[in-house]
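Step one of this worksheet: look at the structure below.
The values are calculated or read from the model by the stated rules, or taken from the named source; none is laboratory data. Computed from a predicted structure; not experimentally measured. Cβ placement follows ideal geometry from the backbone for every residue including glycine, while neighbour counts extend to all protein chains displayed.
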Amino acid sequence: MTIRVVDGGGNGLRRADLEGRVLFNHAKTLGPVQSVEELLDFVCAGLPDCTKGISFAIAGLIKDHQTMIQSPNIPFLNGINLAGVVKGRCGLQARAFNDMDGAGAGMNVLCARNLRFFERFMALTISSGIGGRILQDGKIINQGAEMSHFVIDKTKNAPLCGCGLCGCVESLAGGEAVKRLVWDKLGGPNIKINQHPMAYLDQGFDAGADWAKQIYLSVADTLARFFATTLTTIGYQAVVYKGTFAQALFPRVEDEIRRKMQDYLMLGMRPQAESLQFVPSPDPINDSLYGAADLFSRLMG
């Protein structure tokens, strides 16, 4: 049987069909979709005859894996029973899952396929923001959690996050937050229009520039606190990561993160920090698609 999987983002939709372990029939929209009808046109086009159902990995709050309560990237879906409108269009069962749940489930599938088994691990995305899930034996044990939105900086100058809090993990270590730090360090007018500020950060760090090292070490300290807190609360063996900033960050400061974690852990927990693995997602582009299919199969049987 085939499952159609759809990834919904602010820049448009991606879809593919999964049969067994193989993704095929990849397609994407040229830009953001503008209406429910346009979304259904894309989602239901060219369905294979043997399709069992349609599964979404989509940012936002979802009720019963069917109704979008709040969709930050596709706001016209707010209040829409996505499963209902899909079934009305093509007659197939459909379910929706948070995109971070999909990514975590997909990472689990792909790591197992690559003969890497972690009994418990954190699935982590660091791009413009930060998202995380903890999986145990392939099951998400903190579904819907906002792991990066707890406050670790209570000073009066703590930055404001889009979540409404000041000094939460995302406001200090998310890509957008760090981009602002680079902008402030270099002065916006000195940054070339066609070069992303984060490229300056990576180039500066690799060249040994003090300002770039200071930024990366600050981010490493924030993440060390984050990992120490979550490791103490819910022990795990690895962090499987994805996201543009994560892919630049961990190869540069992974050892510093482990070192700083020692400052925030009691003596008996320090060996867990030393052995903690940081592993890139085997397929950061498609892990959410694999995960959406896995979650659909687990839920629907």
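Being within 30 Å of ALA96 (Cβ to Cβ), touching a strand residue (DSSP E or B) at 6+ places or on another chain (Cβ under 6 Å) and either in a loop (DSSP other than H, G, I, E, B) or assigned by TED's automatic domain parsing to the domain that holds MET266 (or both) is the requirement here; does GLY144 meet it? No: the conditions fail for GLY144. For the stretch 288-299, the count of residues that are in contact (Cβ under 8 Å) with a residue 12 or more places away in the chain and closer than 23 Å to GLN214 by Cβ is zero.
Criterion first (buried (at least 22 other Cβ atoms within 10 Å of the Cβ) and farther than 13 Å from ALA292 by Cα) does VAL36 satisfy it? Against the criterion (buried (at least 22 other Cβ atoms within 10 Å of the Cβ) and farther than 13 Å from ALA292 by Cα), VAL36 does not qualify.
When the stretch 32-71 is filtered for residues that are of a type in the set (S, T, N, Q) and out of contact with any Phe, Trp or Tyr (no Cβ under 7 Å at 6 or more places or on another chain), the ones remaining, listed by number, are GLN34, THR51, GLN66, THR67, GLN70, SER71.
Residues of the stretch 1-21 being at pLDDT below 95, out of contact with any Ser or Thr (no Cβ under 9 Å at 6 or more places or on another chain) and not in a loop (DSSP other than H, G, I, E, B), which ones? The one that is at pLDDT below 95, out of contact with any Ser or Thr (no Cβ under 9 Å at 6 or more places or on another chain) and not in a loop (DSSP other than H, G, I, E, B): GLY9.
Consider the stretch 25-65 and keep the residues that are assigned to a strand (DSSP E or B), touching a Gly at 6+ places or on another chain (Cβ under 7 Å) and in contact (Cβ under 8 Å) with a residue 40 or more places away in the chain. The one that is farthest from ILE3 (Cα to Cα) is ILE58.
Screening ILE130, ILE134 for residues that are outside the structural domain of ALA59 (by TED's automatic domain parsing) and in contact with a Phe, Trp or Tyr (Cβ under 7 Å, 6 or more places away or on another chain) leaves exactly one candidate, ILE134. Here are GLY301, GLY235, GLY243, GLY291: which of them is surrounded by 20 or more Cβ atoms within 10 Å (Cβ to Cβ) and either at positive phi or at pLDDT below 95 (or both)? Only one candidate qualifies: GLY243.
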